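Each remark here refers to the structure printed beneath this line.
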Amino acid sequence: MFDQADTDLFLKIELNQIIPDILKRLDDATKSSKAAFHEGYVATIHDGIPEIRTVVLRKVLFNEEALVFHTDMRSPKVHQIKNNPQLSWLFYDAALRIQVRFKAIAEIHHQNELTQKQWEGSRLESRKCYLVEPAPSTQIQKVWEGIPNIAHQDLTAQLVSNGYHNFAVIKTKLISCDWLFLNRRGHKRAIFTKNIIANTWEGKWVQP
């Protein structure tokens, strides 16, 4: 939904306000499926060629400035991240006309404290998806979703518990950001690079 207050903010925003503003909006989006930033696009590298797909943003780790999404441990993107942990994020809010691109370094988490916490915080319907057989991207002879036909009212934590074996959490630590605001009164674009040693963001305005 269009928000004049946000538009006015972006027209006057300073460099040092942009990263905190983005992270706050991303965090808010993890709590609402209707938010524009609730889903983002993640690109990984396979045989030197980028592959992009839509993922749900699950968590923002402010202390690490990292974004989290869930996936199946058997999916091709996991193997791609193992081979090359560098990936890119893309978010776009059509109402606010804000585009955000991140470069990040990904970590695969499987059956550890982080995955247990994320699993326990997920909906049973979401956990059910990790029961899929055969593994994602496997060729099949007949089109079907591959998930046991369990009625919503019959779902229990125990019934979907086997899905945890396939559940993975991808934590992506942000290392750069490209922020773009489109407006008829003047477009604005800023690029930021994370100074790992100082744990600070170094930003500059660039021509949109």
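The values are calculated or read from the model by the stated rules, or taken from the named source; none is laboratory data. Quick caveat: nothing in here was measured; it's all calculated off a predicted structure. Note that we place each Cβ from the backbone using ideal geometry, even for glycine, and neighbour counts take in every protein chain shown.
Computed quantities for the displayed model
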{"read-out": "Any hit, segment 141-153, residues being touching a Phe, Trp or Tyr at 6+ places or on another chain (Cβ under 8 Å) and modelled with pLDDT under 95", "value": "no"}
{"read-out": "Unique residue being closer than 24 Å to His165 by Cα and part of a strand (DSSP E or B) when the list is Ala43, Ala106", "value": "Ala106"}
{"read-out": "Flag for Asn183 being more than 21 Å from the chain's Cα centre (by Cα) and part of a loop (DSSP other than H, G, I, E, B)", "value": "yes"}
{"read-out": "Condition broken by Thr156, with the remaining ones in (1) within 23 Å of Arg58 (Cα to Cα); (2) part of a helix (DSSP H, G or I); (3) not hydrophobic (A, V, I, L, M, F, W, C) satisfied", "value": "(2)"}
{"read-out": "Failed criterion for Ile22 (all others in (1) modelled with pLDDT under 95; (2) in a helix (DSSP H, G or I) hold)", "value": "(1)"}
{"read-out": "Matching entry among Ile170, Ile150 (being assigned to a loop (DSSP other than H, G, I, E, B) and out of contact with any helix residue (DSSP H, G or I) (no Cβ under 6 Å at 6 or more places or on another chain))", "value": "Ile150"}
{"read-out": "Unique match (being in a helix (DSSP H, G or I), touching a residue at least 24 places away in the same chain (Cβ under 8 Å) and either buried (at least 17 other Cβ atoms within 10 Å of the Cβ) or not polar (S, T, N, Q) (or both)) among Lys82, Lys117", "value": "Lys82"}
{"read-out": "Cβ pairs under 8 Å, 6+ apart, first in segment 43-65 and farther than 19 Å from Arg101 by Cβ and without any contact (Cβ under 8 Å) to a residue 40 or more places away in the chain, second crowded, with 17+ Cβ neighbours inside 10 Å and polar (S, T, N, Q)", "value": "His46/Gln80"}
{"read-out": "Residue ID - nearest to Asp28 (Cα to Cα), chosen from residues in segment 65-79 that are assigned to a strand (DSSP E or B) and more than 9 Å from the chain's Cα centre (by Cα)", "value": "Ala66"}
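Matching residues to (1) touching a residue at least 12 places away in the same chain (Cβ under 8 Å); (2) more than 25 Å from Glu64 (Cα to Cα); (3) surrounded by fewer than 10 Cβ atoms within 10 Å (Cβ to Cβ):
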| site | (1), (2), (3) |
| --- | --- |
| Gln141 | no, yes, yes |
| Glu145 | yes, yes, yes |
| Gly163 | yes, yes, no |
| Phe167 | yes, no, no |
